[in-house]
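Only the coordinates and a few stated rules stand behind these numbers; no lab work does. No experiment lies behind these values; they were computed from the predicted model shown. Every residue, glycine as well, gets a Cβ built from its backbone with ideal geometry; the counts of neighbours run over all protein chains shown.
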Amino acid sequence: MIIPIKTPHLNKDGRVFSWISLLYAFGMGLLLPIFPTFIESILKNEAFVGYFYSLTSIAMVLAGLASAYFYKKFSRINLLYFFLLTVSLTTFFFMFVGTIYNLVPLELLRIFSALIIFMSLSLMVRDFTAPTNLEKTTGVYFLFNNVGWLVGPVVGGVIAKYAGYEPVFVLSGFSFMGALIYVIHQQLVRRHPALLAPRINIEAVVKENRFKAFFRSSGRRKAYAILIAYFMWSALKVVTIPLFVKDMGYGSDMSGLILSLAIIPFVLLEVPVGIYASKRGLKLPIGAGFLIISFCLFIVFLSPWFFLDILFLILANIGAAFIEPLTDVYFHRNTTKDEAYDMYGIFVTAHPVGKFISPFIISTVLLFLPFSWAYGVFAIFFAGFGIFILRKL
């Protein structure tokens, strides 16, 4: 029997999605401090790690484009069941990976599955939230998500240091399996048969150019650009911190600690940011968020001290916490509920685009310049983007 726990949700279904998201994020977070170094151990060159991440972003593009077909042909809840099982099994199989030929297809499948899970949860949160409560509910949902990202990296880093990579892969796989068992236990379909109903008119998708319809809207174009920029920051953090820590002579436990501490601003700020945005608008928190990231990266670029660098890499996430809970909100504010199922897959392709651009830039910089220059390049970009948001949003 699963004991209910009181949570700050406006309805019990929002609570279910948030707990699934927490378990999912914990499983993903376990891998954060070890995956770049795990890839490096196979590729034998840290400069190639970014190119590998750029390559795997192809799976995210495919997931985003395939989502419209999936949501027409299959129920949302069955998709969630299937891809939770898939991501669990693929994570277990990482224990047996030893070459790039094993690594690439397995990681492509894992990333594809993970993005479908992310999209399904986000859309279901939207389905069961009144429009007037969207900012607050999204903030609470991301709060739970980030608790998983907070705990996962430090646990994964410590386990990897003292027991190796294999137990981390096992625990991560079991966390996804736990999320699957939990959602099946909740019997959401019995209470909400609408979860079984396809929401996409697939004939309309074929006949009409959805990309053209999506980008015809200025608001959706801006939402897409914001999501790209946000995931450029996310990829920069995830790829560079473990490599940077290793270069400075520290282990995976230090990487895990840093990545966990970087989540604290999200846990503390995302609900207040959602409440603020519902009253005052989205422009100021999003624009200020990118400027905060830029300032912190500029300090890291100039600083010669490791622990000062780490402090500002953590503080940069204050800016990211201003942005993350509002990316989906800005998309939904420029899209009707019916349009969301047609166009959300296109919107989410901004995720892999950001995660392609950022690692590609990182690897290119590392081939020719010292490590710190990667942070300098991104400091300039985020400063320019933040000013653009404050002027044009």
Quote the FRET efficiency, to the nearest 0.05, computed for residue 248 versus residue 41 with a Förster distance R0 of 25 Å and r equal to the Cβ-Cβ distance. 0.90
Excluding residue 246 itself, calculate the net charge of residues whose Cβ lies under 10 Å from the Cβ of residue 246, where each Lys or Arg counts +1 and each Asp or Glu counts -1. -3
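For Cα pairs less than 8 Å apart in space and 6+ apart in sequence, what is the mean separation divided by the residue count of region 12-392, i.e. the relative contact order in percent?
Values: 614 pairs, mean separation 112.9, N = 381.
With pairs under 8 Å counted, the relative contact order is 30 percent.
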Can you compute 3J(HN,Hα) from phi for each residue in region 292-304, using the Karplus curve 6.51 cos²θ - 1.76 cosθ + 1.60 with θ = phi - 60°, rounded to whole Hz and x for Gly and Pro? 5, 4, 4, 4, 5, 5, 5, 4, 4, 4, 8, 6, x
Zone of residue 58's modelled label, taken as backbone nitrogen in region 82-117 under 16 Å from a point 7 Å along Cα→Cβ: 100-113
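How do 239, 140, 61 line up, fewest other C-beta atoms within 10 Å first?
Details: 239 25, 140 22, 61 18.
Fewest-to-most ranking of 239, 140, 61: 61, 140, 239.
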What ³J(HN,Hα) values, in whole Hz, does the Karplus curve 6.51 cos²θ - 1.76 cosθ + 1.60 give for region 273-285 when θ = phi - 60°, with x put for Gly and Pro? 5, x, 5, 4, 5, 5, 9, 10, x, 9, 4, 5, x
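Given 0.36 nm per residue, what is the gain on full extension from residue 364 to residue 211 after removing their alpha carbon distance, in nm?
Values: separation 153, 0.36 × 153 = 55.08 nm, distance 3.01 nm.
Fully extending the segment from residue 364 to residue 211 adds 52.1 nm.
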Along the Cα→Cβ direction, 7 angstrom out, place labels at residue 264 and residue 66. What is the inter-label distance in nm? 4.0
For region 12-392, how big is the tail of P(r) above 27 Å, as a whole percent of Cα pairs? 45
Karplus couplings for region 379-392 from phi (6.51 cos²θ - 1.76 cosθ + 1.60, θ = phi - 60°), rounded to Hz, Gly and Pro as x? 4, 5, 4, 5, 4, x, 5, x, 5, 4, 4, 5, 8, 10
Against the empirical 2.2 N^0.38 Å scaling, what ratio does the C-alpha Rg of region 271-393 come to? 1.19
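Estimate the FRET efficiency between residue 387 and residue 181 by the formula 1/(1 + (r/R0)^6), using the beta-carbon distance for r and 41 Å for R0, to the nearest 0.05. Display every interim value, and only then the final one.
Details: r = 47 Å, r/R0 = 1.15.
Rounded to the nearest 0.05, the efficiency is 0.30.
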Could you tell me the calculated FRET efficiency between residue 162 and residue 81, based on Cβ-Cβ distance and R0 = 25 angstrom, to the nearest 0.05? 0.15
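Calculate the all-directions average of the projected area of region 343-393's alpha-carbon convex hull, and give it in nm². Show your work: numbers first, answer last.
Working: hull surface 17.1 nm².
The number I arrive at for region 343-393 is 4.3 nm².
For a test of the definition: using alpha carbon positions, the gyration tensor, and the 1.5 limit on a/c, classify region 317-364 as rounded, prolate or oblate. If you can, show how the numbers build up before the last one.
Values: a/c = 4.93, a/b = 1.54, b/c = 3.20.
Cα axes put region 317-364 in the oblate bin.
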Order these peptides, 256-266, 383-393, by their mean beta-carbon neighbour count within 10 angstrom, highest first. 256-266, 383-393
